[in-house]
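Below: the structure, in structure tokens.
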Amino acid sequence: MADFLLLYEGGDSKWMETAKPAEVQAVMQSWGDWFKRLEASGNLRNPGAALAPGGALLTTKGSDIQTDTTMSEVKELVGGFSVIAADSLEEATDLAKGSPFLKNNPTGRVHVRPVHQPG
């Protein structure tokens, strides 16, 4: 099995602030259920986490490092990540289709990227 990084992209970064407690609880329960299924099947490596707003974007220009804490260059917000194991990209993609992120974010996307395996 190989590891695959799932990047959750395009969600509503303010949803946790505006959602009702019952909505948050239901969504968190669906994530917990999905992770339990992945763990039971041996496909969960790391449930990951949601990412908090803000941060820094570092680039090198000559010898300086430029920091942009507004992250205005980020056109598509990455809201979180997970790491799963699968025998192929196709299997990882099928597993990712069960993500609660897609059910809760109609315009959201999940990027499925293989993790480099040295060897």
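The values are calculated or read from the model by the stated rules, or taken from the named source; none is laboratory data. Remember, predicted model here, so these are calculated numbers, not experimental data. Glycine gets a Cβ as well: all are built from the backbone with ideal geometry, and neighbour counts include every protein chain shown. The accessibility values were calculated without ligands, DNA or RNA, using every heavy atom of the protein model including side chains. Shrake-Rupley method; radii C 1.70, N 1.55, O 1.52, S 1.80 Å.
Scan the range 29-44 residue by residue and report those that are outside any helix (DSSP H, G or I) and either within 15 Å of the chain's Cα centre (by Cα) or in contact (Cβ under 8 Å) with a residue 24 or more places away in the chain (or both). Hits for the range 29-44 are G42, N43, L44. Going through the range 1-32 one residue at a time, which ones are among the acidic types (D, E) and more than 21 Å from H111 (Cα to Cα)? Those that are among the acidic types (D, E) and more than 21 Å from H111 (Cα to Cα): E17, E23.
Each residue in the range 82-118 was checked for being surrounded by 18 or more Cβ atoms within 10 Å (Cβ to Cβ) and more than 20 Å from M28 (Cβ to Cβ), and 4 of them qualify. Criterion applied to K61, K36 was being open to solvent by 70 Å² or more (accessible area, probe 1.4 Å) and at pLDDT 95 or above, and the one residue passing it is K36. Every listed requirement among (1) within 18 Å of the chain's Cα centre (by Cα); (2) at pLDDT below 95; (3) not in a strand (DSSP E or B) is met by E23 save one, (1). So is W15 at pLDDT 95 or above and either touching a Pro at 6+ places or on another chain (Cβ under 7 Å) or surrounded by 12 or more Cβ atoms within 10 Å (Cβ to Cβ) (or both) or not? No: the conditions fail for W15.
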